[in-house]
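Here the structure is laid out as structure tokens; the discussion comes afterwards.
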Ligand code: SF4
Ligand code: SF4
């Protein structure tokens, strides 16, 4: 069961876009040693890893699909959905997320369920 307060699982279009890349966020308030990881990511010689910057921090984006993403005639689905997906997957999409085309408007947000 998707626990995200920002989408009703029934509204998911099974497009799979949320499983085709991963992101890690870094705040500019993090200490210099941690932020040096971002500098190292920029050095990697790959088009599959991108570093984005905004006024608050950095997003390191891995343009690599999850190995558990599967596709059939009904669309995309998660091969480990019933077993145990990572909690971050259960709670996707997050507040402020723009990639999911089916996220409900903030005014329709359901109360968040407590973490298990
Ligand atoms: S991006 Fe949104 S609509 Fe597409 S599979 Fe993910 S949750 Fe569903
Ligand atoms: S574990 Fe499942 S829900 Fe999470 S990214 Fe992979 S395919 Fe998507």
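Just so it is clear, none of the values below were taken in a lab; they were calculated from the coordinates. The model shown is predicted, which means the values in this text are computed figures rather than measured ones. Ideal geometry is used to build each Cβ from the backbone, glycine not excepted, and the neighbour counts take in all protein chains shown.
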Using only the C-alpha atoms of the chain, find the volume of their convex hull and express it per residue in Å³. 145
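To the nearest 0.05, what FRET efficiency results for residue 82 and residue 24 with a Förster distance of 30 Å applied to their C-beta separation?
FRET efficiency, residue 82 to residue 24: 0.65.
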Considering Cα pairs under 8 angstrom that are at least six residues apart, work out the relative contact order of the range 25-76 and quote it in whole percent. 33
Length-normalised contact order for the chain - Cα pairs under 8 Å, 6+ apart - percent: 41
The chain - mean residue ellipticity at 222 nm from DSSP helices (-39,500 (n - 2.57) per run, n ≥ 4, rounded to 500): -4000 deg cm²/dmol
